[in-house]
């Protein structure tokens, strides 16, 4: 069946071009020329847009037009699997095929070697595919187009993790390619129940966002919730997973992160196995993991790769570091300004001696030092690595020695600030480190006005806030409050691996059991 | 949406509510009456307290979904019920601002010398306001977070002063002052278990009523045990005279700790235990007041009245009590009578009417 | 609804900015470590030892300033005198770190009750300072002495008081709470150790005192002062002080010596002492049985005596027991002479026999004076040091040979 040939007027064309972004239904014309015109106009004759005309079957010529964006396609695939095939097989074209299906079958089954071939119904889809790196095939006289997957272009490969370094464990990290990322996870969980659902978010960017979860472990309510929240997003662009995070998180005005992110495929895999949901975003190596609980941010995937005693120790250390990073300057201020009687005499004398001649009150002194340190840290991140060492010299000399020798700050304060800094670098998660940095200043202000009592009030408010948070319906402080006894095995204390036989209660409510085998006992029996 | 708390959270609230204020005042109070037998006074007070809790528990049947106020209304009728609720509400109000006042006094005297109590009270009431507006669920969970720290502090405190305990100080056991030891039970119960009446306003929020009743009982028991230990430690370490003379004898107890020359002066521990417990007590009482007013006024949301209540509490706490001696007098006279009326007679009456109605 | 919550949170955040009522910078206070209380014409003369942090902490540069300074002020009461001191002192005096309170003998004889009220009541004081009585010297001079080794003399006083109580036992480390119990409880009297200056009290105030191998002045804690109520009524000598510590079961470790038959001495180191009192009341007659159980090591033997057999050891043990009983007896005699029940016999009776106590309480002093004392001591020798047989015998033999 020959499809209706309908010529469009110039006005109609213009209309389509104007409305393309809104109208999904703008159809592909049967006329190649008309299509060409529309596509070119739409892309503003961009120079990286390439089209190629091929004439198939000389006896009964069929005009075929290929479109692709230069930088987005993989040239090898394009040349070998697509162009090669089409150009080499003109004689084979069977003049008998007339219908669209015939043509599709022909292309699909006999001509084109690329991994997939999809039929395109309208212009919107066409652009979406074209701009994702597919090559579009248009055929004269047909109102459907075909997209072949020739996606490629520059890629970093699978890089080493940069933000969440560990000693023991896999080194590979996510990349900017969503396909690669999902693949890295799939390679770890070879289970048919690992389901992936794709979304396309962002009016302009058309970013591919995928959620992945293990069916049967995941809490279906949470999947539904995530699905709803993702579908509800209306925004023009998604440039990084941070956009998604901010758009779907529960506590919009909380300093605490309610969504975890990681660069590590193994962390994602572990999360999925606990019943969490991963959200991959194309163009970002940071993959989101929901629901995220407060204690997750104090845990590292490495904990599980080591013996449980080491893991426990490290976790306790991190918990300690959390308080240290948040409270040290505040505690110092409270002690020196309000509670001198609580300091042992010898220490107090030492502190008093250092404070002699310091022009600022302890609070101001702490504020100056903390702000300087934050500046230094920020500068260190931005600077190219070649000048990075300069910053550390300036920091060490200016902050450490010169300031003390000049009598502007006391050396105890330098110790306090360094301690805070070291402690804030301990967290495996950068989000929490930032949170702590913000809260630290609040606590300092409270300590400066009400001493330990102020810190205490701050703590209570903090806890009130923390327990009121939820991450996708799960109370943020689970399993501490509400207290879940069985889940305590994997919070601050990390139980031995063979005893961690259940998944976290609230996150995954079905298929709780991890392993039925009590490993060491089974081994004992063998002997 | 009705907020629910777990039986465990309810247990913690009971624990905190019994210990709040009590932990600071009980050693002095009990010892004033019972001398060497002060701790025995607390033992008996705990036993009686558990009886009181049993009465409280009896008010709620197994499958109860009604709140305390509805039960009162149903049994006493609308008018009498409203008057009883008002009576209980005023009691809670009284307790709350007295507690606020004592926090202001204590902090102003021991922690922040020179800071006006008004500022401290304001800070506390505002923090409580935040908690109450979040609702009972958040209060319950927050108490869950703080419980381990409270218990650890308590254990540390008692463990650290233990080496300095002189068992001589508690002798003779029940030989002299026996009458005093028993008379002391009433004021001790008055500022501990009878104030638990406010928790009855919360109990229907627990997702499992039979377990909540158990939690009520165990909470009272554990808190009573803590009070006994603390009173015992006070008498054994600083002696009867010292315990009676110091207004905050447990704080003084903390000052006695000295381990390894460095780990000393940890009375902060005491302050911490006390703050936490009294804080949750104020929160629960505040919540009780709010939901009682909500019930009386037929309001939709208790949150609408929280800010005015906070304001009134603040003003009352700042202006009502002239000094610490007055507080002590009050605690042993008017307040005691009020506590017995609300915390004991009202529930008993309620129970009698309930049983009579059933028949 | 939401907006109001934020207003609330903002209020809480802003509130602290109005605070700082009670903040005191470390540079605004001076830390007091010792207090001396003397008598003045119409009240008390208060001397406060404050420390000069720059001289104590950090790099030990030699400067010309002393590590501690003493300020003195007079007033009708302690509190008045202290507040008057602000006219002399450059900053507020911070009392929480006071470790020692020295009361002059004159004040102690008059009664220390008036002094104590402020110490107990004031919130800044901590309960863990020790109290001492300045003997022969004024309290002012005592807190002014500069000590070698410890730059803060209050530290030196506390540590040497603790050490002497622990290893020598003729002193008693009395903290405020114990003193108060002693003064207030009906069946017990208070005690306080004495402190002296050895050497020149005026030269002791100079920095050069610490620059000599043999300082001009040293602080020396010894002997126990006995109170009756809040008044100092007399002193126990060194042996009696030790006896006092034995009876009140306060000996951790001490040495004791007995004379041999010849001119040498046997010195033993007591490493465990367990003393119990068992009261018995018969009508109005109180009998106090005191049972002492000592474990000792042989520390030094400078006489010709054999320690080979069990009998020999038993003989030594008996000697020590006898000596111990004598010391305790003397102590009790001394206390009876002062009519002060410092051992807490009355307290003991009250706890064990409360019924009898109610009857005896009224005129306990008489009953105390009439108390029969039964002393029973058991001494066991555990070790003999690194050698087992003394060698004085062999030396003597050799000396005779020559």
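Odds and ends about this structure:
- Residues being more than 14 Å from every other protein chain (Cβ to nearest Cβ), crowded, with 16+ Cβ neighbours inside 10 Å and modelled with pLDDT of 85 or more - total across the stretch C:85-109: 9
- Unique match (being at pLDDT 85 or above, away from chain A (no Cβ under 14 Å) and either surrounded by fewer than 24 Cβ atoms within 10 Å (Cβ to Cβ) or in contact with a helix residue (DSSP H, G or I) (Cβ under 8 Å, 6 or more places away or on another chain) (or both)) among B:280, B:288: B:288
- Any chance residue A:137 is buried (at least 16 other Cβ atoms within 10 Å of the Cβ) and assigned to a loop (DSSP other than H, G, I, E, B): no
- For the stretch A:425-435, the count of residues that are outside any helix (DSSP H, G or I), modelled with pLDDT under 90, in contact with a strand residue (DSSP E or B) (Cβ under 8 Å, 6 or more places away or on another chain) and away from chain C (no Cβ under 14 Å) is at least one.
- Reported count of residues in the stretch A:271-299, each being on the phi > 0 side of the Ramachandran plot and surrounded by 24 or more Cβ atoms within 10 Å (Cβ to Cβ), is 1.
- Close pairs (6 angstrom Cβ cut-off, 6 or more residues apart or separate chains): within 19 Å of residue B:122 (Cα to Cα) and facing chain A (nearest Cβ under 7 Å) in the stretch C:18-32, at pLDDT below 80 and surrounded by 21 or more Cβ atoms within 10 Å (Cβ to Cβ) anywhere: C:22/B:112; C:22/B:115
- When restricted to residues that are within 14 Å of chain A (Cβ to nearest Cβ) and assigned to a loop (DSSP other than H, G, I, E, B), the stretch B:132-189 contains 1.
- Search result, residues across the stretch A:361-389 that are over 23 Å from residue C:50 (Cα atoms) and within 9 Å of another protein chain (Cβ to nearest Cβ): A:363
- Residue check for residue B:339: in contact with a helix residue (DSSP H, G or I) (Cβ under 8 Å, 6 or more places away or on another chain), surrounded by 13 or more Cβ atoms within 10 Å (Cβ to Cβ) and under 22 Å from residue B:107 (Cβ atoms): no
- The combined condition, being at pLDDT below 75 and over 26 Å from residue A:283 (Cβ atoms), is not fulfilled by residue A:55.
- Residue A:221 meets the conditions (1) at pLDDT below 90; (2) assigned to a helix (DSSP H, G or I); (3) buried (at least 18 other Cβ atoms within 10 Å of the Cβ) in every case but one. The failed one is (3).
- Qualifying residues in the stretch B:237-271 (those that are more than 11 Å from chain C (Cβ to nearest Cβ), at pLDDT below 80 and under 24 Å from residue A:456 (Cα atoms)) - the one nearest to the chain's Cα centre (by Cα): B:269
- Here residue C:362 fulfils each of the conditions (1) under 20 Å from residue C:244 (Cβ atoms); (2) in a loop (DSSP other than H, G, I, E, B) apart from (1).
- Here the helices (runs of 4 or more DSSP H) wholly within the stretch B:24-129 that include at least 2 residues being within 14 Å of chain C (Cβ to nearest Cβ) and within 23 Å of the chain's Cα centre (by Cα) are B:78-106.
- First in the stretch A:343-357 and more than 7 Å from chain C (Cβ to nearest Cβ) and within 15 Å of residue C:128 (Cβ to Cβ), second anywhere and modelled with pLDDT under 80 and in a helix (DSSP H, G or I), Cβ under 9 Å, 6 or more apart: A:346/C:56
- Residue check for residue A:486: in contact with a strand residue (DSSP E or B) (Cβ under 7 Å, 6 or more places away or on another chain) and surrounded by fewer than 19 Cβ atoms within 10 Å (Cβ to Cβ): yes
- Being within 20 Å of residue A:42 (Cβ to Cβ) and within 32 Å of the chain's Cα centre (by Cα) is a description that does not apply to residue A:143.
- Among all positions in the stretch C:341-359, there is no residue which is more than 15 Å from residue C:288 (Cβ to Cβ), touching a helix residue (DSSP H, G or I) at 6+ places or on another chain (Cβ under 6 Å) and either without any contact (Cβ under 8 Å) to a residue 60 or more places away in the chain or surrounded by 14 or more Cβ atoms within 10 Å (Cβ to Cβ) (or both).
- Conditions (1) over 23 Å from residue C:299 (Cα atoms); (2) in contact with a helix residue (DSSP H, G or I) (Cβ under 6 Å, 6 or more places away or on another chain); (3) modelled with pLDDT under 80: number failed by residue C:209: (2)
- Scanning the stretch A:224-267 for residues that are over 27 Å from residue A:303 (Cα atoms), part of a loop (DSSP other than H, G, I, E, B) and over 12 Å from the mean Cα position of the chain (by Cα) yields A:233, A:234, A:235, A:236, A:237, A:250, A:251, A:252, A:253, A:254.
- Residue count for the stretch C:179-206, restricted to those that are in a loop (DSSP other than H, G, I, E, B), away from chain B (no Cβ under 14 Å) and at pLDDT 80 or above: 1.
- Failed criterion for residue A:460 (all others in (1) more than 12 Å from chain C (Cβ to nearest Cβ); (2) under 19 Å from residue B:9 (Cα atoms) hold): (1)
- Condition met for residue C:158 (within 23 Å of residue C:189 (Cα to Cα) and either without any contact (Cβ under 8 Å) to a residue 40 or more places away in the chain or buried (at least 24 other Cβ atoms within 10 Å of the Cβ) (or both)): no
- Apart from one condition, residue C:233 fits all of (1) away from every other protein chain (no Cβ under 14 Å); (2) over 23 Å from residue C:275 (Cβ atoms); (3) part of a loop (DSSP other than H, G, I, E, B); the exception is (3).
- Test: residue C:56 is at pLDDT 85 or above, surrounded by fewer than 22 Cβ atoms within 10 Å (Cβ to Cβ), over 25 Å from the mean Cα position of the chain (by Cα) and facing chain A (nearest Cβ under 10 Å): no
- Check on residue A:439, in contact (Cβ under 8 Å) with a residue 40 or more places away in the chain and under 27 Å from the mean Cα position of the chain (by Cα): yes
- Any hit, the stretch A:326-342, residues being away from chain C (no Cβ under 14 Å), touching a strand residue (DSSP E or B) at 6+ places or on another chain (Cβ under 8 Å) and in contact (Cβ under 8 Å) with a residue 24 or more places away in the chain: no
- Residue within the stretch C:203-212 that is surrounded by fewer than 22 Cβ atoms within 10 Å (Cβ to Cβ) and under 23 Å from residue B:235 (Cα atoms) present: no
- Only residues that are closer than 30 Å to residue C:282 by Cα and in a helix (DSSP H, G or I) were counted across the stretch C:369-400, and they come to 2.
The values are calculated or read from the model by the stated rules, or taken from the named source; none is laboratory data. These numbers come from a predicted model, not from an experiment. For neighbour counting, all protein chains shown are included, and Cβ atoms are generated from backbone atoms with ideal geometry for every residue, glycine included.
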